[in-house]
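First up is the structure itself, then whatever we jot down about it.
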Amino acid sequence: MTLVSFADIRVEFGADVLLDKVSFTVGRGERWGVVGRNGAGKTTLFKLLTGALKPTRGAVARMPGLKITLLDQHRDFGDATSVWEAAAAGYGDVVQLEKALAQQGERLAELGERATESDLEKYGRDMERFAHIGGYDYHARVDAVLQGLGFDPEECKTRPLSKLSGGERGRVGLAAPLAAPADLLLLDEPTNHLDLDTTRWLTRYLGELGETVIVISHDRAFLDETVDHVLHVSAGTATPYRGGYSAFVQQKAERELTLRRAVEKQQAFVNKEADYIRRHIAGQNSAQAKGRRKRLERLPRLSPPPGEAGAMSLLLEIGERGGDRVFQTEKLTVAVGTPPHERVLLKDATVTLMRGDVIALVAPNGAGKTTLLSTLLGAREPQGGEVRIGGSITTAWYRQDLAGVPMDKSMFDVIQELRPLWTRGQIQGLLGAFGFSGDEVLRSTNSLSGGERARVALAMITLRKANLLVLDEPTNHLDVESIEALEDGIEEYEGTTVIVSHDRAFLRELATRVWAIRDGKLIDFAGPFVEWEAAEALREKQVATAASDARRDEKVKAAARAAEKPSGRGSADADKRTLKRRVEAAEADVAAAEGAVKRLEAAVADESLYVGGADGARKAATLTKQLEDARRTYDDAVTAWATASEELERLG
C-alpha cells in the first residue's frame, strides 16, 4: 500500500529553483534514508511530506488519514515540564482522556447510588475509547523508549526538563516521536547526540518497529543497517535507489559511469557529424550536410553527471615531527564536582599515546569522554595521577560545541586574524577549499549553520599545523561528502589523532586503537575499531548468556527446593495420578522450551547475520524478539513444573 507519492515536484524560492523533477513513492513498511549535501533540500522534502510546504509544481499524494510523526533538528517540548511528559508528547489526546477518566471515576465514587445512567454511559464510552486509542499501552511504550535512550523511566516522571544537558535534551526530543503512534515516522539526524550503545539500540528499535520510516542521516553504518531504500538529493533533484547505503553507493557509481560513457559516445557522434557538415556544407553534398545539421540541432544533448558544488577538501599538515611518545598518563584519576560531592569518572588510568596512532575514545554519554580530553590537554586539573606531554607536541582541538569559532566576525576576518600576512586571494582560496566562495566569505559566523561552522572550525585547524589532532564528535554537523573528505585528510595526516565519535563507519575507516571507558576504568584495546566491535559483541553475548543461565539455574533450583519439601497430608490416588501426569507434561514443556531457546541463541550468535545490511538487521531483530519470547515461555514452563511438583510432594 502506498503511503506517500511525489509526482514531478518542483520547489522554487523566488527566482531560485531548489528542487525539480522529483518523483518517488513510499510504500507501507519501507525504510528510506535521505542523503545529500547540506543545503541540498533534504529538510525541504520533509516539509513537503508533512504539508508544511506546498510545491511550486507537481503533487504530493498522501494516504487518507495518514498519521505522521516528525523529529526535526529543532527540539520543541511545548508545555511539558518533566522528561516523561516531553517523551509522551505524542499521546496528548490519550493523556487528556486519562485525566478526564480519573476525574469521572472520583465523581462516580462520590455519587455512589446517586450516579445517573447518563454518567455511567459516558464513563463506559470514554473507557472504551481510551482502550481503542492505546491508553493501556502507551505508558509501557514511553518507558521502553526512555530506557533504551539511557533514562530511568520512573525518575523521568519527576525530573525537570530544565535540568537536562544539551545532549540529554536531544535524546528526549528523539524519545517523543519514537514513542508516539504513527503510520509514517520522519527522523532528521536522529543519531546526533547519541553514543554508540544508544545508536545500536535505535537501530534495533527501528528494525522491530512496524511503522514506515524516512530518515535524514549522515551516519553511513546506521543507514546501512536500517534502510532498504535511499533517496539521493543532489544537483537540484532527488533520485531513488533500492537497497541500503552500500548498495546506493555502488548503484550511483554504476549509473554515473553509464551516463558518462553515453555522454562520451554522443559527443563523439556530434564531433563526427560536425566535421562532415563543415567539409561538405559548400560542396556537392551540401543538401545532405544541411540535413545533417538540422538533425544535429534537434538532437537532445546528454549532460554529464553533476559534480558536487561546494565540496570540502582539506590538507592536514604538521609543522614539526614531535617526539615518538606523544603523551603518557600515570594512574590518572578524573572527576567532576567538588569534594566531598565529586563524581569520579576515571580512576588509575595508565596509557601511552604513540606517534602515528589514531585512537577511538568510546564510552556511553556522561562517562567522561570530553572531560578526559580536557584533562589530557591541560584544560583542567586531574584529581589524581599525572599526564606527561612529549617533546615538541603541538595540539589542535576540534570542540564538539564549536567554541573555537569566534562569534560576531566574518569568516574572512577569522582567517585573517590567524594569518595576518596572507593576501585576500590566499584567504579566499582556503575558505574555497571548505565550500565557501565569492562574497560568501564575508558572512558573519553568527549567521552560519552548524555544518558551515564545523567547516570553518576545520579550516582553522588546518592552519595550526599541529602534530596532535583531537577531534570531539567532528561528524555531527557534516554531510557525508564532507565526512569522507575529512577521512581522506586524516588518512594522509602524518601526526597523531584522538577521535571521539558515534559514527561507526568513520571509526572503522580510521581508528588503529581503541580506548574504552567502562565502569570507571580506561581499557586500552590494541587493535582497530572493527576488531574492538567484534570483541565487544562477543563480550555482550557472553554477559547476556551468563545472566540468562543464572536466572534459569535459579528457577530450576527453586523448583527443586520446592519439590524436596516434606509432604503434607495424603490425598486420593486419582489426584496423585492427575498430578503426576501434570508434572510429566510440564517436564516435557520445559525440555521443548529449553531446546527452542538454545536453537534461537545459536541463530542470534551467527556472525553472518550481522553483515547483511538492512535485511540482516531486520532478521536479527526478529530472531532477538523470538528469543525473548522463547525465554519467557521457558520461564513459564519451569514455574508450571515447579508448582505441579510441589503439589505432588504435598500429596505424598
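The values are calculated or read from the model by the stated rules, or taken from the named source; none is laboratory data. Since we're looking at a predicted model, the values are computed, not measured. Ideal geometry is used to build each Cβ from the backbone, glycine not excepted, and the neighbour counts take in all protein chains shown. These area figures cover heavy atoms from the full protein model, side chains too; ligands, DNA and RNA do not enter into them. Shrake-Rupley method; radii C 1.70, N 1.55, O 1.52, S 1.80 Å.
For the range 43-55, which residues satisfy the criterion of being in contact (Cβ under 8 Å) with a residue 12 or more places away in the chain and either open to solvent by 20 Å² or more (accessible area, probe 1.4 Å) or closer than 11 Å to Val11 by Cα (or both)?
Thr43, Thr44, Leu45, Leu48, Thr50, Leu53, Pro55
Conditions first: (1) exposed (fewer than 14 other Cβ atoms within 10 Å of the Cβ); (2) under 30 Å from Phe222 (Cα atoms). Leu421 passes all but one, so which condition is the exception?
Tallying (1) exposed (fewer than 14 other Cβ atoms within 10 Å of the Cβ); (2) under 30 Å from Phe222 (Cα atoms), Leu421 fails exactly one: (2).
In the set Lys598, Lys619, Lys555, Lys541, which member is modelled with pLDDT of 65 or more and surrounded by 14 or more Cβ atoms within 10 Å (Cβ to Cβ)? Reasoning before the result, please.
Numbers: Lys598 fails: surrounded by 14 or more Cβ atoms within 10 Å (Cβ to Cβ); Lys619 fails: modelled with pLDDT of 65 or more; Lys541 fails: surrounded by 14 or more Cβ atoms within 10 Å (Cβ to Cβ).
Lys555 is the lone residue from the list that is modelled with pLDDT of 65 or more and surrounded by 14 or more Cβ atoms within 10 Å (Cβ to Cβ).
Return yes or no: is Lys347 among the charged types (D, E, K, R), under 32 Å from the mean Cα position of the chain (by Cα) and over 30 Å from Gly450 (Cα atoms)?
Here the answer is yes, as Lys347 does meet what is asked.
Is it true that some residue in the range 414-437 is small (Gly, Ala, Ser) and on the phi > 0 side of the Ramachandran plot?
yes
Could you say whether any residue in the range 22-29 is in contact with a Lys or Arg (Cβ under 8 Å, 6 or more places away or on another chain), open to solvent by 40 Å² or more (accessible area, probe 1.4 Å) and either part of a strand (DSSP E or B) or on the phi > 0 side of the Ramachandran plot (or both)?
Looking for residues that are in contact with a Lys or Arg (Cβ under 8 Å, 6 or more places away or on another chain), open to solvent by 40 Å² or more (accessible area, probe 1.4 Å) and either part of a strand (DSSP E or B) or on the phi > 0 side of the Ramachandran plot (or both), one finds none in the range 22-29, hence no.
So, of the residues in the range 405-455 that are among the small types (Gly, Ala, Ser) and in a loop (DSSP other than H, G, I, E, B), which turns out to be farthest from the chain's Cα centre (by Cα)? It would help to see each step written out before you state the result.
Pass one, the range 405-455, residues among the small types (Gly, Ala, Ser): 410, 425, 429, 432-433, 435, 437-438, 444, 447, 449-451, 454.
Imposing the further condition that a residue be in a loop (DSSP other than H, G, I, E, B) reduces the set to 435, 437, 449.
Values: Gly435: 26, Ser437: 31, Ser449: 20 Å.
Applying the filter and picking the extreme gives Ser437.
Return the pairs, sorted by first residue and then second, in which the second residue is of a type in the set (A, V, I, L, M, F, W, C) and modelled with pLDDT under 90, the first residue lies in the range 243-263 and is over 14 Å from Leu231 (Cα atoms), the beta carbons are less than 9 Å apart, and the residues are 6+ apart or on different chains.
From the range 243-263, the pairs are Leu259/Leu302; Ala262/Leu302; Val263/Leu302.
Among the residues of the range 386-404, how many are touching a residue at least 60 places away in the same chain (Cβ under 8 Å) and not in a loop (DSSP other than H, G, I, E, B)?
Residues that pass the stated criteria total 7.
Would you check if there is a residue in the range 37-47 being under 18 Å from Ala182 (Cα atoms), of a type outside the set (D, E, K, R) and part of a helix (DSSP H, G or I)?
yes
Considering Leu174, Leu146, Leu194, Leu187, which residue is touching a Cys at 6+ places or on another chain (Cβ under 7 Å), among the hydrophobic types (A, V, I, L, M, F, W, C) and buried (at least 22 other Cβ atoms within 10 Å of the Cβ)?
When all the criteria are applied, what remains is Leu146.
Name the residue, out of Glu264, Glu256, Glu320, that is farther than 30 Å from Asp519 by Cβ and in a loop (DSSP other than H, G, I, E, B).
Within the list Glu264, Glu256, Glu320, the selection yields Glu320.
I'm checking my understanding of the structure. Among residues of the range 44-84 that are among the charged types (D, E, K, R), at pLDDT 90 or above and farther than 19 Å from Arg28 by Cβ, which one is farthest from the chain's Cα centre (by Cα)? Lay out the reasoning, then the answer.
We begin by selecting, within the range 44-84, every residue among the charged types (D, E, K, R); these are 47, 54, 57, 62, 67, 72, 75-76, 79.
Filter again for at pLDDT 90 or above, leaving 47, 54, 57, 62, 67.
Okay, now just the ones that are also farther than 19 Å from Arg28 by Cβ, so 47, 54, 57.
Details: Lys47: 21, Lys54: 29, Arg57: 33 Å.
So, considering only residues that are among the charged types (D, E, K, R), at pLDDT 90 or above and farther than 19 Å from Arg28 by Cβ, the one farthest from the chain's Cα centre (by Cα) is Arg57.
Of all residues in the range 271-288, which are in contact with a Lys or Arg (Cβ under 8 Å, 6 or more places away or on another chain) and open to solvent by less than 40 Å² (accessible area, probe 1.4 Å)?
Listed by number, the residues that qualify are Glu273, Tyr276, Ile277.
Residues being touching a helix residue (DSSP H, G or I) at 6+ places or on another chain (Cβ under 8 Å) and part of a strand (DSSP E or B): count how many of those fall in the range 457-470.
Qualifying residue count for the region: 2.
Of Ala180, Ala140, Ala144, Ala100, which residue is closer than 30 Å to Leu478 by Cβ and at pLDDT 85 or above?
Ala180
Given (1) without any contact (Cβ under 8 Å) to a residue 60 or more places away in the chain; (2) under 22 Å from Trp532 (Cβ atoms); (3) polar (S, T, N, Q), where does Thr370 come up short, assuming only one miss?
The one condition Thr370 does not meet is (1).
Can you confirm whether the range 349-370 contains a residue that is at pLDDT 90 or above, assigned to a helix (DSSP H, G or I) and open to solvent by less than 40 Å² (accessible area, probe 1.4 Å)?
Yes, the conditions are met somewhere in the range 349-370.
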